[in-house]
Amino acid sequence: DREETVRLSLAFVEAADPAAFEGAETRRIALRFPGVELDFEGAGYLTSFALPNFQFHLAMAYAILRHRGVELGKRDYLGKLALV
């Protein structure tokens, strides 16, 4: 159920130790796939691989749902706006 998934996700994030992220921007991240080896520093991994992949998959899921007739709009894609 969706509420349980959200609750478990929040609990997982809240349990993370902030100290585990210290220096993460320069931490080496190596990804190995058949025929491909990708080596990053943390900041480069986040900005050039992780976030673009997340955005791609989010956009594709949004497009598929729209194509299948789910009534979604731009506001659904953008989520809650951080207004002052």
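Tabulated values for the structure
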| read-out | value |
| --- | --- |
| Charge dipole (the chain, unit charges on Cβ, about Cα centre) - positive-most of Ala59, Leu38, Val70 | Val70 |
| Fraction of accessible area attributable to carbon and sulfur, the chain (%, probe 1.4 Å) | 62 percent |
| Reciprocal of mean inverse Cα separation for the chain (Kirkwood radius, Å) | 16.2 Å |
| Helix axis angle, 2-15 relative to the chain longest principal axis, alpha carbon, degrees | 30 degrees |
| In Hz, Karplus ³J(HN,Hα) per residue of the stretch 49-57 (6.51, -1.76, 1.60; θ = phi - 60°; x = Gly, Pro) | 10, 5, 5, x, 5, 4, 4, 4, 5 |
| At most 13 other Cβ within 10 Å, DSSP loop - trypsin sites (Lys or Arg not before Pro), the chain | Arg27, Arg68, Lys80 |
| Exposure rule at most 15 other beta-carbon atoms within 10 Å, DSSP loop GluC sites (Glu not before Pro): the chain longest free segment | 23-70 |
| Cα-centred dipole magnitude for the chain, charges only on beta-carbon of K, R (+1) and D, E (-1), debye, nearest 20 | 440 debye |
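The values are calculated or read from the model by the stated rules, or taken from the named source; none is laboratory data. From a predicted model like this one, the values you see are computed outputs, not experimental measurements. Please note: Cβ atoms are built from the backbone with ideal geometry, for glycine as well, and neighbour counts cover all protein chains shown. What goes into the accessible areas is simple: the full protein's heavy atoms, side chains included, and nothing from ligands, DNA or RNA. Shrake-Rupley method; radii C 1.70, N 1.55, O 1.52, S 1.80 Å.
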